[in-house]
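Everything on this sheet refers to the single structure shown next.
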Amino acid sequence: MKAKSPFRDLILGTETLVPLLNNKLVKYINFDNAATTPPLKVVMDSINNFAPWYSSIHRGKGYKSLLSTKLYEDSRQLITSFVNASPEKDIVIYVNNTTEAINKLSHRLCQEEKEKCVILSTEMEHHSNDLPWRDKFTLDYIAVNQAGLLSLEDLEGKLIQYQGQVKLVTVTGASNVTGYINPLREISGLCHQYGARLLVDGAQLVPHEPVDMQKEGIDFLIFSGHKIYAPFGAGVLIGPREFFLQGAPDYPGGGTVQVVTRKEVYWEDPPQKDEEGSPNFMGVIALAEAIKKLQEIGMERIAAYERELTQYTLKYLKEIPGIKLYTDLSVDK
């Protein structure tokens, strides 16, 4: 085990000193990355470098506005490539965070399904992937075992039980409690076999593992910038363009319409229809720069290093008297 992370110098704030209870100052260790990651240095540099050029998106004809708009739109291609979404089928919609993205999808699915349909969630979800589905739909939960692993048998059993009424299965890509990574390809295979779509809450997965939407069979993917070393409040919702063509936006207003009369409203095409108000350009720039850096490092390399850290931690935790590990050591992910 190396004494120092090969990535530590890329992070802003690693040399920051914080006080202990005895007032001793020590270097801060980010053990709460599952909640929010510190920013990458290149992210903050990009924000400072571009700030003099910042202007409105889709709302001006001056040089700065056109430049800002081009960078904003080009970033969608970067994100599409990063998670291998389909450039022909899928669109990237910018939101504020994962919670907003799930609520946005819940709103649109409610419009699409005229009769109350069934949503399958799991017992390992964050509140943000549970509460938005309540009341609007019949909601049921896929069981997990004592080790916190999702039961594929229970998933298939419920898909069979509801006889084609399940329209969406929504699962976390990686648990923010256990870190367990769900077998997404197997889950999507079962979903599609029984006519359901798959939504993956990738907030804890995308920053740590390579994600391939086409290979894994993911219909909708959601993640947040603040968990991927990019603060400033940008999130991402990716899904089929055809799905978002129908229905009205959850927040109608500026930026979502082409033409408005007293009696008629003609919505913009997606993704603009679902990006109400002035876009969070700085948040998107931060996210794009973070993704570029992660691509440069290589997500496979990051995942391998994190597994090394995990094995190191488990090895020495087991040697501490009185500590009980609630984990399945036979599971690699």
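The values are calculated or read from the model by the stated rules, or taken from the named source; none is laboratory data. As the structure is a prediction and not an experimental result, all values here were calculated from the model. Cβ placement follows ideal geometry from the backbone for every residue including glycine, while neighbour counts extend to all protein chains displayed.
Yes or no: segment 98-113 includes at least one residue that is surrounded by fewer than 17 Cβ atoms within 10 Å (Cβ to Cβ), modelled with pLDDT under 95 and of a type in the set (D, E, K, R). The answer is yes; a qualifying residue exists. Taking VAL169, is it modelled with pLDDT of 95 or more and within 16 Å of VAL236 (Cα to Cα)? Criteria not met by VAL169.
Right, ASN22: surrounded by fewer than 18 Cβ atoms within 10 Å (Cβ to Cβ), farther than 19 Å from THR170 by Cβ and touching a residue at least 40 places away in the same chain (Cβ under 8 Å) or not? So ASN22 fails the test. Looking across segment 2-54 at every residue that is closer than 28 Å to GLN311 by Cβ and of a type in the set (Phe, Trp, Tyr), the one that is modelled with the lowest pLDDT is identified as PHE31.
Of the residues making up segment 93-141, those that are touching a Pro at 6+ places or on another chain (Cβ under 9 Å) and not small (Gly, Ala, Ser) are ILE93, TYR94, THR99, ILE102, ASN103, LYS104, LEU105, HIS107, ARG108. Suppose we filter segment 134-165 for residues that are at pLDDT 95 or above and of a type in the set (Val, Ile, Thr); how many remain? Residues flagged as at pLDDT 95 or above and of a type in the set (Val, Ile, Thr) within segment 134-165 amount to 2. Could we say that GLN258 is modelled with pLDDT under 95, surrounded by 11 or more Cβ atoms within 10 Å (Cβ to Cβ) and either touching a strand residue (DSSP E or B) at 6+ places or on another chain (Cβ under 6 Å) or closer than 25 Å to LEU221 by Cβ (or both) here? Criteria met by GLN258. Restricting the search to strands (runs of 3 or more DSSP E) fully inside segment 1-114 and requiring at least 1 residues that are touching a Ser or Thr at 6+ places or on another chain (Cβ under 8 Å) gives 25-27, 90-95.
Residues checked against (1) under 15 Å from LYS292 (Cα atoms); (2) buried (at least 23 other Cβ atoms within 10 Å of the Cβ); (3) without any contact (Cβ under 8 Å) to a residue 24 or more places away in the chain:
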| position | (1), (2), (3) |
| --- | --- |
| GLN193 | no, no, no |
| ARG197 | no, no, no |
| VAL200 | no, yes, no |
| ALA203 | no, yes, no |
| VAL206 | yes, yes, no |
| PRO210 | yes, no, no |
| PHE220 | no, yes, no |
| PHE223 | no, yes, no |
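Checking each residue in segment 115-127 for being in contact with a Lys or Arg (Cβ under 9 Å, 6 or more places away or on another chain), closer than 14 Å to ARG197 by Cα and either in a helix (DSSP H, G or I) or not β-branched (Val, Ile, Thr) (or both) picks out CYS117, LEU120.
Okay, residues lined up against (1) at negative phi; (2) among the polar types (S, T, N, Q):
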residue: GLY60; (1), (2): yes, no
residue: SER68; (1), (2): yes, yes
residue: ARG76; (1), (2): yes, no
residue: PRO87; (1), (2): yes, no
residue: LEU105; (1), (2): yes, no
residue: THR138; (1), (2): yes, yes
residue: VAL144; (1), (2): yes, no
residue: GLY148; (1), (2): no, no
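How many of the residues in segment 290-318 are of a type in the set (Val, Ile, Thr) and within 19 Å of PRO39 (Cα to Cα)? First the steps, then the outcome.
Taking segment 290-318 and keeping what is of a type in the set (Val, Ile, Thr), we get 291, 297, 302, 310, 313.
Next, only the ones that are within 19 Å of PRO39 (Cα to Cα) stay: 291, 297, 302.
The total comes to 3.
Of the strands (runs of 3 or more DSSP E) contained entirely in segment 197-251, those carrying at least 1 residues that are within 19 Å of VAL171 (Cβ to Cβ) and charged (D, E, K, R) fall at 197-201.
Among the residues of segment 151-188, those that are surrounded by fewer than 22 Cβ atoms within 10 Å (Cβ to Cβ), in contact (Cβ under 8 Å) with a residue 24 or more places away in the chain and over 21 Å from the mean Cα position of the chain (by Cα) comprise LEU152, GLU156, LYS158, ILE160, TYR162, GLY164, GLN165.
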